Each structure stands twice: as structure tokens, then as C-alpha cells.
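Quick notes on the structure that follows.
The values are calculated or read from the model by the stated rules, or taken from the named source; none is laboratory data. Not measured: the values here are computed from a predicted model. A quick note on method: Cβ atoms are made from the backbone with ideal geometry, for glycine too, and the neighbour counts reach across all protein chains shown. These area figures cover heavy atoms from the full protein model, side chains too; ligands, DNA and RNA do not enter into them. Shrake-Rupley method; radii C 1.70, N 1.55, O 1.52, S 1.80 Å.
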Amino acid sequence: DEIFSPIVDLRNSIFFSAAILFVIGIGIALFLSISLSLPLQVLNEGAQKLGTGDFSHRINLKGKDEIGQLAHAFNLMGEKIQDFTQHLEKKVLERTDELNQSLEEVKALKEAQDGDYYLTSLLLEPLSSNNNFSKNVKTEFITEQKKKFSFRSWESQIGGDICITDTIKLRDKNYTVFLNADAMGKSIQGAGGALALGVVFNAGLIRSRTYAQTLLFPETWLKERFLDLQNVFLSFDGTMYISVCIGLVENETGLLYYMNAEHPWTVLYRDGKASFLEGNVDLCKIGTPGQENRFFIKTFQLYPGDQIITGSDGRDDLIIGYDENIEMINEDGNQFLKRVEEGKGDLKSILEKIKMFGKLYDDISLIKISFDEPINYIKDT
């Protein structure tokens with residue numbers, strides 16, 4: 001016992017020291033666990049409250065470690081969201097006021113634009129008139145512009161198509177005048193071209209009442225009208241062109257004099273069959289330079305019951321289907337002959353048949369000249 005007594009004492013001392021170190025280790029572990037878990041728990045609870053929409057809640061952790069920095073970031077985010085939420089309604093009202101103001105400005109601009117459209121349509125209306133009162137040669141026309149608009153309590157339309165008919169006397173013979181034209185451009189641009197043509201051509205009709213003009217041959221009268229229009233549209237320097245078909249029909253005999261300046265071909269409707277009078281284009285659009293010396297007149301003898309129908313390119317430019325959302329435009333000009341036959345020469349019926357065949361893509365105007373009275377000379381003349 002005496003020999004092992006120091007060894008026993010050493011063993012007891014080691015056990016006692018180990019016990020003390022174990023207790024200290026457990027204490028340190030508990031302290032570290034509590035010091036870490038409590039902030040994480042507080043951070044978790046705060047994040048959950050922010051997640052439920054309680055943006056006024058603040059995480060009360062002031063440490064400079066990573067957890068403290070994360071808590072500060074959560075608090076800053078909550079402040080910004082709370083500020084944004086509190087001022088959101090105000091900002092929405094401010095933005096709504098700005099949009100309403102912009103909308104009012106757009107409405108004011110549109111009303112001013114529609115006012116311009118309406119004024120232009122009022123100017124065009126008296127220029128596009130059917131003033132032919134011949135008993136032998138009947139004329140009628142129909143016009144449907146692509147651009148429709150409303151101005152205050154008025155509904156109207158505007159475009160570049162125009163039709164004009166009248167009666168004049170040349171060398172003691174009465175003639176029915178007809179014109180169908182299509183100005184380049186849409187809406188106001190096309191209407192501007194139609195307005196210019198209408199003013200110039202109607203001025204020419206007024207001059208035709210003078211004595212000097214009544215002595216003109218029909219070919220000369222048509223050439224003067226062509227030159228009037230050509231000179232005016234040349235002054236636009238390439239910014240405005242217009243296709244046109246202008247003609248004269250001698251009221252007693254039915255002899256047709258006409259010119260076609262890159263306008264869709266003129267149609268003869270006779271005995272239920274429709275055919276083109278032209279087979280080629282001789283003149284370019286009015287306003288094209290250098291064609292003054294290439295001008296010439298075509299003639300055609302109308303028989304009783306014959307009808308001449310001419311119209312703008314809107315009669316052929318039709319949307320006839322879609323290919324992968326791409327519009328398919330009709331390219332077959334002969335389709336119009338079928339529509340004339342289906343409509344039996346009646347303009348309203350023809351227009352309905354055109355709309356059944358495809359969707360209108362452009363302005364459309366049609367004019368019909370009918371020769372009803374018998375002629376008193378050999379048909380072969």
C-alpha cells in the first residue's frame with residue numbers, strides 16, 4: 001500500500017482533473033450553443049414575420065458578426081419595402097395622373113387630326129360629283145375609302161379615290177365626261193392628291209363652257225385636261241402621283257374617247273360578258289416626267305346596252321387568305337371580270353361580290369357609263 005500510495009494519488013489527481021476539464025468543456029459547449037442558437041432563432045422569427053407581410057418588425061440583433069450583418073440587411077429590406085408599400089398608392093395615383101394627362105393629350109391630337117380629316121372630306125365632297133344629265137348616257141359611281149373616322153357627331157371617310165362626271169358641248173355635240181382617279185398615299189396624303197386633281201379638273205370643266213373651248217375636238221379637249229393635271233402634279237417633284245382614267249362619250253352616237261394613265265384596265269360589259277378594253281399600259285401615272293409627247297387617245301364604239309366600268313386598284317388589291325399569319329394579296333386582275341359578271345353590271349352588287357371574294361385592302365371606287373339609246377348609223381363605222 002505504501003509503495004502504490006503515490007501512484008493511487010496520481011491516478012486520483014488525473015481523474016479529478018479530467019472531471020473538472022470535462023465539466024468545463026460541457027459548459028463551454030452549452031455556452032457556445034446558446035450564444036449561437038438564440039440569435040439564429042431570433043433571426044428566423046424575424047424573417048418569418050417579414051415573410052408574412054409585417055414589414056414594421058425589426059430584428060433586434062446588434063452584433064457585428066455575420067448574423068448581426070444579416071439581421072441588419074433584413075431590417076434594411078423591411079424598411080424599404082415598408083416605405084414602398086406606404087407610398088405605393090401615392091405613386092400609383094401620380095402615375096395614373098401622368099397617364100391620364102398623356103391620354104388627354106393624345107385625345108386632343110386625335111380630335112385635331114380628325115378635324116383635319118373632316119375638313120378635307122368636306123372640301124372633297126363637292127369636287128366628286130355626278131353632274132351628268134344626259135338621257136342617252138347614264139353614269140353612276142360608288143366610292144368606299146379605307147380610312148373611316150368620327151369627328152364629334154359626324155361619321156365620314158377619307159382617301160385618295162375620286163370620281164367625277166359631267167356633260168359638255170364640243171363642236172355642237174354633247175359629250176358625257178367621266179373621270180376615275182386614285183391618288184398615291186393613304187388617308188390625308190391620298191386625299192391631298194385627290195383634292196388637287198378635283199380642283200384642277202373641275203376648273204377645266206368650268207373653262208369648257210367658254211366659246212373657245214366649245215370649238216375644240218374631243219381629242220384636243222382630253223389632251224388639254226391631261227396636260228393641266230400633268231403640269232400640276234409635276235410640281236410635286238415626285239412626292240405625289242395619281243393614276244386616272246378620263247373619257248368622253250358622244251351622247252348621240254355612243255363613241256367613246258378615253259385615256260388611261262396606269263389605271264386598272266377599263267371593262268366592257270356587253271351581253272352578260274365582261275372583258276378588258278386595254279391590253280397594255282401606254283401612259284404612266286400623272287406626274288411622271290417625260291410622257292407629255294407620248295399621249296394619245298383611244299376610241300371605242302359603244303352599242304345600245306353596253307356598259308363601261310372602270311375602278312381604282314382597290315378592286316384587285318384584296319386579302320384573300322393568310323399563310324402563317326402573312327396576308328395573301330390577290331394578284332389576279334381577271335378576278336374583277338368575274339365580279340362584274342356575277343354582279344350583272346350593278347355597282348353595288350359588284351362591290352358586294354368583291355367583299356365576298358376577299359377583304360378590302362385599299363380605297364375602292366367604281367364608275368359605270370351606260371349607253372342606252374340606239375345609234376343611227378352602221379355598227380361597223
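Of His72, His87, His263, the order by accessible heavy-atom surface (1.4 Å probe, DNA, RNA and ligands excluded), from most exposed downward, is His72, His87, His263. Quick one: of Lys223/Lys338; Lys285/Lys348; Lys110/Lys353; Lys147/Lys344; Lys285/Lys353, which pairs are farther than 30 Å apart, Cα to Cα? In this structure, Lys223/Lys338; Lys110/Lys353 exceed 30 Å between Cα atoms.
Between Glu331 and Glu66, what FRET efficiency follows from the Cβ-Cβ distance if R0 is 51 Å, with the result rounded to 0.05? The calculated FRET efficiency here is 0.10.
How much net charge surrounds Tyr361 when only the other residues with a Cβ under 10 Å from the Cβ of Tyr361 are counted, with Lys and Arg +1 and Asp and Glu -1? Once positives and negatives cancel, what remains is -4.
Charge tally around Glu111: other residues with Cβ under 12 Å, Lys/Arg +1 each, Asp/Glu -1 each, net -1.
If R0 is 45 Å, the Cβ-Cβ spacing of Glu252 and Leu122 corresponds to a FRET efficiency of close to 0.75.
How fast does segment 281-374 diffuse by Stokes-Einstein, in µm²/s, taking the Kirkwood radius from C-alpha pairs at 37 °C and 0.692 mPa s? Don't skip to the answer; put the middle values down first.
Values: Rh = 15.6 Å.
Using the Kirkwood radius from Cα pairs, D works out to 211 µm²/s.
Based on alpha-carbon centroids, what's the gap between segment 269-296 and segment 71-93 in Å, whole number please? After rounding, the separation between the Cα centres reads 74 Å.
Eigen-decomposition of the gyration tensor built on the alpha-carbon atoms of segment 265-329 gives equivalent ellipsoid semi-axes of 28, 23, 8 angstrom, largest listed first.
Quantify, in whole percent, the carbon and sulfur part of the accessible surface of segment 44-173 (1.4 Å probe; protein heavy atoms only). Walk me through the numbers before you get to the answer.
Numbers: 4760 of 8830 Å².
The value for segment 44-173 is 54 percent carbon and sulfur by accessible area.
The slack in the chain from Met77 to Gln189, taken as 0.36 nm per residue of separation less the alpha-carbon distance, amounts to 34.6 nm.
So for segment 133-255, considering every pair of alpha-carbon atoms, how many percent are separated by more than 16 Å? Percent of Cα pairs beyond 16 Å in segment 133-255: 64. In the complete set of protein chains, residue-level accessible area for Lys107 is approximately 110 Å², probe 1.4 angstrom.
Using mean Cβ contacts within 10 Å as the protection proxy, how do 115-127, 350-362 order, highest first?
For the peptides 115-127, 350-362, the packing ranking is 350-362, 115-127.
Using a ≥ b ≥ c from the Cα gyration tensor of segment 182-320 (square roots of the eigenvalues), is it rounded, prolate or oblate, where a/c under 1.5 gives rounded and otherwise the larger of a/b and b/c decides, a/b for prolate? Walk me through the numbers on the way to the answer.
Details: a/c = 1.80, a/b = 1.10, b/c = 1.64.
Verdict is oblate for segment 182-320.
For Phe84 and Ala108, calculate 0.36 nm times their separation in residues minus their Cα-Cα distance, and state this gained length in nm to one decimal.
Gain on extension, Phe84 to Ala108, equals 5.2 nm.
Take the convex hull of the alpha carbons in segment 157-228; its mean projected area over all directions comes to 4.7 nm². Recomputing Rg/Rh (Cα atoms, Kirkwood Rh) from the coordinates shown identifies the correct label among (i) 1.60; (ii) 1.07; (iii) 0.99 as (i). Angle of helix 187-207 to the longest C-alpha principal axis of the chain, folded into 0 to 90 degrees and rounded to 10: 10°.
FRET efficiency for the pair Phe295 and Ser150, taken as 1/(1 + (r/R0)^6) with r the Cβ-Cβ distance and R0 = 30 Å, rounds to 0.10. The residues of the chain expose on average 58 square angstrom of accessible surface per residue, using a 1.4 Å probe on protein heavy atoms. Relative contact order for the chain: 14 percent, from Cα pairs under 8 Å spaced at least 6 residues apart, divided by residue count.
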